[in-house]
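Undergrad: Sharing a structure here in structure tokens format.
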Amino acid sequence: QKTAYEIYQCDWSSDVCSSDLIGVRPERVAHDRAIEARARAQLTGGLLEETAALRARYPDGMRSFSAMGYREAMTVLDGHRTLDEAIADDAARTKAYARRQATWFRSEPGIRWLTGEGTDPETAYRVATELRAASAAANP
């Protein structure tokens, strides 16, 4: 089986390649689990230490400290939330953000939607196949 890259090799400056839009819509339960796992991995994998080091160099009021994960890490460092509470808060905030993104993209015309996970090789293969078909149809 060919890789997605092998299936869809394209001149990215061409109109076809730059205008075809394919969206990957993950299953909601699987996506929520992935978000939860990512939040846990971030906060247990060094984000607390990174946040502490950044706070030592920059003022807490910086806008970047409101980014996903950093705000939650700061609540742990300040003793306001437990690690598990911060992980749950981060996951909830990220899920809400993902849903806002999905709502915005639904209003975009011309997107062909596929169900799957962005990190799944089979999904990547299906996306590449769709793009190759679109390119072939536009350039017979």
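The values are calculated or read from the model by the stated rules, or taken from the named source; none is laboratory data. Keep in mind that what you see is a predicted model, and the values were worked out from it rather than measured. Backbone-built Cβ (ideal geometry, glycine too); neighbour counts: all protein chains shown. Only protein heavy atoms, including side chains, enter the accessible area calculation; ligands, DNA and RNA are left aside. Shrake-Rupley method; radii C 1.70, N 1.55, O 1.52, S 1.80 Å.
Undergrad: On the given criteria, is Ala134 under 30 Å from Arg55 (Cα atoms) and over 17 Å from the mean Cα position of the chain (by Cα)?
TA: Values: under 30 Å from Arg55 (Cα atoms): no; over 17 Å from the mean Cα position of the chain (by Cα): yes.
No: the conditions fail for Ala134.
Undergrad: Right, next: Considering only segment 38-81, state which residues are under 21 Å from Lys95 (Cβ atoms), open to solvent by less than 70 Å² (accessible area, probe 1.4 Å) and not in a helix (DSSP H, G or I).
TA: Matches in segment 38-81: Gly45, Ala67, Met68, Gly69.
Undergrad: Would you mind telling me which numbered condition in (1) of a type in the set (Phe, Trp, Tyr); (2) in contact with a helix residue (DSSP H, G or I) (Cβ under 6 Å, 6 or more places away or on another chain); (3) more than 20 Å from Gly46 (Cβ to Cβ) Tyr70 fails?
TA: (3)
Undergrad: Between a residue in segment 26-46 that is in contact (Cβ under 8 Å) with a residue 12 or more places away in the chain and any residue that is surrounded by fewer than 17 Cβ atoms within 10 Å (Cβ to Cβ) and not acidic (Asp, Glu), which pairs come within a Cβ distance under 7 Å, given they are 6 or more apart or on different chains?
TA: Final answer for the pair search is Glu27/Thr115; His31/Ala98; Asp32/Lys95; Ile35/Lys95; Ile35/Ala98; Leu43/Leu83.
Undergrad: Moving on to the next point. Mind counting the residues in segment 96-117 that are open to solvent by less than 80 Å² (accessible area, probe 1.4 Å) and touching a Lys or Arg at 6+ places or on another chain (Cβ under 6 Å)?
TA: Within segment 96-117, residues that are open to solvent by less than 80 Å² (accessible area, probe 1.4 Å) and touching a Lys or Arg at 6+ places or on another chain (Cβ under 6 Å) number 2.
Undergrad: Follow-up. For segment 82-117, how many residues meet the condition of being assigned to a loop (DSSP other than H, G, I, E, B) and touching a residue at least 40 places away in the same chain (Cβ under 8 Å)?
TA: 4
Table: residues versus (1) farther than 21 Å from Glu108 by Cα; (2) modelled with pLDDT of 55 or more; (3) open to solvent by less than 40 Å² (accessible area, probe 1.4 Å).
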| residue | (1), (2), (3) |
| --- | --- |
| Gln1 | yes, no, no |
| Tyr8 | yes, no, yes |
| Ser13 | yes, no, no |
| Asp32 | yes, yes, yes |
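Undergrad: Only residues that are in contact (Cβ under 8 Å) with a residue 24 or more places away in the chain, in contact with a strand residue (DSSP E or B) (Cβ under 8 Å, 6 or more places away or on another chain) and either farther than 11 Å from Arg25 by Cα or open to solvent by less than 60 Å² (accessible area, probe 1.4 Å) (or both): list them for segment 118-133, please.
TA: Thr123, Val127, Glu130, Leu131
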